[in-house]
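The values are calculated or read from the model by the stated rules, or taken from the named source; none is laboratory data. Source: prediction; values computed, not measured. Here the Cβ positions follow ideal geometry from the backbone for every residue, glycine too, while neighbour counts run over all protein chains shown. Surface areas here come from the heavy atoms of the whole protein model, side chains and all, with no ligands, DNA or RNA. Shrake-Rupley method; radii C 1.70, N 1.55, O 1.52, S 1.80 Å.
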Amino acid sequence: MSGIAGGLTLDELDSDLHAVLARLRSDRPVAWVPVLNGWLVTRRDLVVGMMRDPVTFTVDDPRFSTGQVVGPSMLSLDGPEHVRHRSPFGEAFTVPEVRQRFEAFVHAEAGRLVAELAPLGAAELRRDLAGPLAVNVVAEALGLVDTDPDEVLGWYDQIVDAVSRASTGQALTAARPPAVDRLADHVRESMAVGDSLVALAARTLSVDEVVSNAAVLMFGGIETSEGMTTNAFAHLLAQPATWQTLVDEPSLVGNAVEESLRLEPAVVQVDRFATRDLEVAGARIRRGDFVMLSIAGANRDPAAYPDPDRFDIARSNARTHLAFAQGPHACVGIHLAKLETRAALLAAVDGFPGLSSAAPAAPARGVVFRKPASVHVRWRFG
Ligand code: HEM
């Protein structure tokens with residue numbers, strides 16, 4: 001195939017993602033990318049239209065790797081079945097519910113992690129703060145009784161491993177890794193607890209369905225939130241004057257988080273399957289084709305965001321980014337995830353005086369989930 005998409009390698013996408021996406025967007029906004037074995041859509045208006053059209057671009061396909069591992073869940077269903085699986089969780093994660101159920105916990109947890117690190121004077125923020133916060137918040141959100149975060153992390157690793165093997169076409173040793181059964185045991189026990197999230201979900205879903213969706217919440221909420229918080233620190237600390245602006249005016253934290261999500265969304269793209277033949281922006285998509293909607297591409301579309309590669313916490317339309325997708329599959333954890341990153345940043349403003357980078361920032365990497373490997377920092381102590 002001719003054009004830049006034909007010769008693209010995974011390495012190039014990983015190391016030079018945004019430049020590649022910019023070239024594709026202006027050259028061929030719906031491009032067949034042989035190395036991904038699918039179409040890659042990079043223009044914001046097209047991405048939004050496809051996210052909002054689940055009839056033509058569905059997630060409900062046997063090739064969907066998460067579905068193979070955890071069974072049918074909201075992530076791999078469309079139409080009325082999707083609504084049935086998603087509703088009990090959607091209701092628990094609205095703004096007022098998140099405020100009431102999780103706000104105090106998330107701030108306390110971020111404060112606790114920062115207070116533990118404070119005497120050290122230095123840390124690596126991905127491993128020491130963003131990661132543990134993400135695991136602890138998901139464990140709390142699921143409302144599972146008697147689980148410790150290390151156990152949750154162990155289940156998570158098994159599920160991620162199985163999903164990755166399924167999505168790269170390697171044979172699964174078991175359709176269901178043992179972690180899903182351990183999770184199922186805990187879900188059953190926790191259903192007895194009146195207002196836990198899984199108990200609420202069990203009013204309208206079978207036990208197996210609650211388990212699949214709980215696994216998806218875990219899968220959807222750990223790596224992503226860790227990446228989101230890590231990226232926000234990386235962007236803010238790369239511009240010391242911007243970090244200082246936030247220290248002086250913490251009320252800017254909300255828009256700073258939105259702008260960070262725009263510039264480097266932790267989830268780079270979402271996957272769909274075309275249900276019919278159609279032509280879009282000169283591309284002839286066939287029924288059954290794999291179509292990837294590039295969130296990272298849409299979020300730097302210059303038609304929506306002037307000077308799109310610049311990190312500007314005052315950008316007025318930062319919150320129109322697509323980091324959490326749009327349409328029926330828009331992230332169910334949006335408000336919880338934003339609360340988490342805001343809490344981490346505010347805890348660092350309070351607890352790490354004079355916070356600055358301790359090493360040149362590692363670049364963000366990843367073709368599906370994207371973040372820097374590490375963010376080494378130091379602050380004044382004593
Ligand atoms: C507390 C943390 C989080 C939880 C519990 C969570 C949970 C979920 C769930 C259950 C879904 C599936 C919704 C559906 O298919 O109807 C979803 C979708 C999604 N989430 Fe999250 N998520 C979290 C954080 C994040 C973060 C931090 C990001 C990225 C910055 C993110 C990006 C997405 C995207 C892009 C989708 C759409 C998937 C698609 O359209 O195929 N999520 N999330």
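Restricting the search to helices (runs of 4 or more DSSP H) fully inside region 210-286 and requiring at least 2 residues that are within 13 Å of the ligand (Cβ to nearest atom) and within 17 Å of the chain's Cα centre (by Cα) gives 223-238, 253-263. Going by the conditions given, is A358 touching a residue at least 40 places away in the same chain (Cβ under 8 Å) and within 24 Å of the chain's Cα centre (by Cα)? No, not satisfied. For region 206-220, the count of residues that are in contact with an Asp or Glu (Cβ under 8 Å, 6 or more places away or on another chain) and surrounded by 18 or more Cβ atoms within 10 Å (Cβ to Cβ) is zero.
Within region 319-366, the residues that satisfy the criterion of being charged (D, E, K, R) and within 9 Å of the ligand (Cβ to nearest atom) are K338, E340.
Filtering region 27-78 to residues that are among the polar types (S, T, N, Q), more than 11 Å from the ligand (Cβ to nearest atom) and either open to solvent by 20 Å² or more (accessible area, probe 1.4 Å) or modelled with pLDDT under 95 (or both) leaves N37, S65, Q68.
Screening the candidates R319, R310 for the property of being over 21 Å from W39 (Cβ atoms), open to solvent by 20 Å² or more (accessible area, probe 1.4 Å) and assigned to a helix (DSSP H, G or I) yields one hit, R319.
Does V106 satisfy the condition of being touching a helix residue (DSSP H, G or I) at 6+ places or on another chain (Cβ under 7 Å), more than 11 Å from the ligand (Cβ to nearest atom) and part of a helix (DSSP H, G or I)? No.
Number of residues in region 1-26 that are among the hydrophobic types (A, V, I, L, M, F, W, C) and open to solvent by less than 30 Å² (accessible area, probe 1.4 Å) equals 7. Among the residues of region 25-48, which ones are β-branched (V, I, T) and within 13 Å of T9 (Cα to Cα)? Those that are β-branched (V, I, T) and within 13 Å of T9 (Cα to Cα): V33, V35.
In region 67-126, the qualifying residues are those that are of a type in the set (G, A, S) and within 26 Å of G327 (Cα to Cα), and the one that is farthest from the chain's Cα centre (by Cα) is G79.
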